[in-house]
Amino acid sequence: MSLMTPASPRHRIAQLLLAAALFGACQQTSGHAPQTASVAPPALDAAKPAALPGLHNVVAYAPGLISGGVPEGEEGLHTLAAMGIKTVISVDGATPDVATAEKLGIRYVHLPISYDTVTPERQQQLAQAISSLPGPVYMHCHHGKHRSAAALGSASVLAGKLTPEQACSRMEVSGTSASYKGLWKAVREAKPMDAGQLHADPQGFPSISKVSGMVATMSEIDLVWDLVKQAKAAGWKAPADHPDLVATKEASRLARLFANLQQDADSVKLPADYQTQLRHSIDLTAQLDAAVAGGNAAKAAELMTAIEKGCKDCHKGYRDN
C-alpha cells in the first residue's frame with residue numbers, strides 16, 4: 001500500500017485553512033505594515049493646504065519636499081508611506097514615533113527649532129538633510145503652519161531648490177503667521193550653499209534629539225492645548241475619533257504644565273513682565289481645571305479664550321521675534 005495516498009477533500013480543506021492561517025501570522029509578525037493604496041502628494045502650485053488621513057496642512061514646496069503637521073498616530077504615518085515618503089524630518093520639540101516609522105520603511109530625523117528663528121547652523125543641517133537623505137521628504141512641526149514652513153523654506157533656498165521669494169510664497173500657503181517675524185526673516189535672508197557643502201553622512205542625523213526645560217514644556221503645552229480644544233468641541237466628552245481622551249485629565253495636565261514653568265531654569269530668567277503674565281496664565285489654567293471638573297462648560301469656554309489671548313500676548317513679546 002502506497003504511503004502517498006490522495007488526501008480526502010476534508011483533509012485538503014484543512015491544509016488550505018492552515019496555510020492561510022500561517023500566511024496571516026507571518027504578515028502580522030513580519031514587522032511590515034499591510035500594503036495600502038497609493039496617495040498622491042499635493043500639487044506644487046496648490047493654493048490651499050491639503051488634508052489627508054492622519055495629516056493636516058500638507059503643502060508641497062518643491063519636487064519631493066513637503067511640509068505639514070505632525071503625523072497623527074499610525075494613520076498619519078501610513079498615509080506618508082502610501083505617499084512614498086522615505087524620510088520624515090521633525091522640527092518640533094516633541095519626541096517622534098521613530099519605531100512605527102521604521103516599520104513602514106521611513107527614516108525619522110529630529111532637528112527641533114524655535115519659533116523665533118531658524119539659526120544659520122540649523123538651516124545648514126536641514127539643507128544637508130534634504131540633500132543627503134532619501135526622498136521624498138516630509139518636514140513637520142506640530143501644526144505644520146509656522147516652524148516646518150520656515151524650516152523647509154530656508155532649507156530649500158540653501159539647497160538651491162527655491163528662491164527666497166518662492167519659499168515665502170509657499171509659506172503663505174502653509175499659513176505662516178506674520179507675527180513670527182524671525183521665521184520670515186530667516187527665509188528672506190537665506191542664501192544658497194556651495195554644492196560641495198550640501199552632502200553629509202546620512203547616519204549623522206539624529207532620530208531623536210534630547211529636548212528639555214522650557215522648550216520641552218512648551219511643546220507639551222502645545223499638544224495638550226489641542227487635546228483640550230478637541231474635548232471642548234465634543235461638549236467636554238471624549239470625541240468619537242479619540243475615545244480615550246478625558247477632558248478633566250487634560251485640563252489638569254495643562255494647569256500642571258503652566259505651574260511647572262515657575263520652577264523652570266530658563267523661565268525664571270525672563271523679565272518681570274513675563275513673570276506677571278505667567279502668574280496670570282497659571283491662575284487661568286487652574287480655574288479652567290476647576291470649571292471642567294465641575295461641568296461648567298460656559299465658564300470653561302470663557303477661560304479658554306482668556307488663556308489663548310494671554311499666550312498670544314506673551315509669545316508676541318518673548319517668542320515670535
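Which net charge results when you count Lys and Arg as +1 and Asp and Glu as -1 among the other residues whose beta-carbon is under 14 Å from that of ASP97?
-3
Note the angle between two axes, namely the Cα long axis of helix 213-233 and the longest principal axis of the Cα atoms of the chain, as a number of degrees from 0 to 90, rounded to the nearest 10.
With both axes taken from Cα atoms, the answer is about 70 degrees.
Provide the net charge surrounding GLU75, with neighbours chosen by a C-beta distance below 13 Å and charges set as Lys +1, Arg +1, Asp -1, Glu -1.
Result for the neighbourhood of GLU75: -4.
For a quick size check, give me the Cα extents of segment 148-262 along its three principal axes, largest first, whole Å.
The principal-axis extents, from largest down, are 53, 31, 31 Å.
Return LYS210, LYS161 ranked ascending by Cβ neighbour count within 10 Å, so the fewest neighbours appear first.
Least to most surrounded, the residues fall as LYS210, LYS161.
Take peptides 140-150, 247-257, 197-207, 292-302 and line them up by average Cβ neighbours within 10 Å, highest first, as a rough protection proxy.
Ranking the peptides 140-150, 247-257, 197-207, 292-302 by packing returns 140-150, 247-257, 292-302, 197-207.
Against the longest alpha carbon principal axis of the chain, how many degrees, from 0 to 90 and to the nearest 10, is the axis of helix 73-82 turned?
Roughly 70 degrees, rounded to the nearest 10.
Below 22 Å Cα-Cα, how many Lys pairs turn up in segment 213-318? Only count pairs eight or more apart in sequence, or on different chains, if you could.
The number of close lysine pairs in segment 213-318 is 17.
With point charges of +1 on the Cβ of Lys and Arg and -1 on the Cβ of Asp and Glu, referenced to the Cα centre of segment 213-318, which listed residue (THR305, LEU227, GLY317) lies farthest in the positive direction of the dipole?
The one lying farthest along the dipole's positive direction is THR305.
About the Cα centre of segment 213-318, how large is the charge dipole given +1 on each Lys and Arg Cβ and -1 on each Asp and Glu Cβ? Please answer in debye to the nearest 20.
Charge dipole of segment 213-318: 200 debye, to the nearest 20.
From the helices alone, meaning DSSP H stretches of at least four residues, give me the mean residue ellipticity at 222 nm for the chain, per-run term -39500 (n - 2.57), in deg cm²/dmol to the nearest 500.
Mean residue ellipticity, 222 nm, calculated: -16000 deg cm²/dmol.
Once every Cα of segment 50-204 carries one equal point scatterer and solvent is ignored, give the base-10 log of I(q)/I(0) from the Debye formula at q = 0.14, 0.21 Å⁻¹, two decimals.
Relative scattering, expressed as log10 I(q)/I(0), comes to -0.58, -1.35.
Treating the beta-carbon of each Lys and Arg as +1 and of each Asp and Glu as -1, no other charges, what is the dipole magnitude of the chain about its Cα centre, to the nearest 20 debye?
The calculated dipole for the chain is roughly 360 debye.
Quick one, what does Rg over Rh come out to for the chain if you take C-alpha atoms and the Kirkwood Rh?
That ratio equals 1.09.
Could you state the number of Å between the C-alpha centres of segment 34-67 and segment 205-228?
Using only Cα atoms, the two centres lie 24 Å from each other.
Starting with the fewest neighbours, write out TYR274, TYR61 ranked by other beta-carbon atoms found within 10 Å of each beta-carbon.
TYR274, TYR61
Readers should treat all values here as calculations from the given coordinates under stated rules, not as data from a laboratory. On a predicted model such as this, the values are computed, not experimentally measured, just so you know. Because the Cβ atoms are built from the backbone with ideal geometry, glycine has one as well, and the counts that use them run over all protein chains shown.
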